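Coordinate-derived values only; no laboratory data. The shown structure was predicted, so the numbers you read here are calculated from the model rather than taken from an experiment. Every residue, glycine among them, receives a Cβ derived from its backbone with ideal geometry; neighbour counts consider all protein chains shown.
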Amino acid sequence: MKRSKMNFLVYPLVFLFAGILLAAFVSPSVNMSKEWDIPAKYKEMKNPHAGDKSLERVGKMLYAKHCKSCHGNIGLGDGPKAASMETKMIPFNDAGFQGQSDGAIYYQSIIGRDEMPNFEKKIPDEEDRWALINFIRTLK
């Protein structure tokens, strides 16, 4: 009689523990450090405003408004919202990040994916988008 009561308690605990382990290994997770699949159109895209110093203020303002909360003051991925993200952000001063074409950075910053939101509607002006990309380039 005692054995059946014990089984009544043990089996549900075993199944619960197994379920937790299974969920931990099977649940999908978002990881932005995985490689981006950037369309050729964007890889080859040229920045029509590269080096345009008149856009610095606009780029800095847009970064403060849309990017700083996750990417941090200087682009290290340490903004206040970063801790709640499931993704590991690559710092903007990373040589691999900075080694990308302006078009690739445009795609990642404006089009986005997963937890990185799309900014096409929030930053509709093309010149403003490039101002942001130019500012991100300064965070080395």
I need the peptides 59-72, 92-105 ranked by packing, meaning the mean over residues of other C-beta atoms within 10 angstrom, with the highest value on top. 59-72, 92-105
Return the sequence-ordered ³J(HN,Hα) values of the stretch 41-53 in whole Hz as given by the Karplus equation 6.51 cos²θ - 1.76 cosθ + 1.60 applied to θ = phi - 60°, using x for Gly and Pro. 3, 7, 4, 8, 4, 9, 7, x, 10, 4, x, 6, 5
Can you tell me the length gained on complete extension of the stretch Glu56 to Gln98, counting 0.36 nm per residue apart and subtracting the Cα distance? 13.3 nm
Neighbour cut-off at most 16 other Cβ (10 Å), DSSP loop, GluC sites (Glu not before Pro), the stretch 35-140: Glu35, Glu44, Glu86, Glu115, Glu120
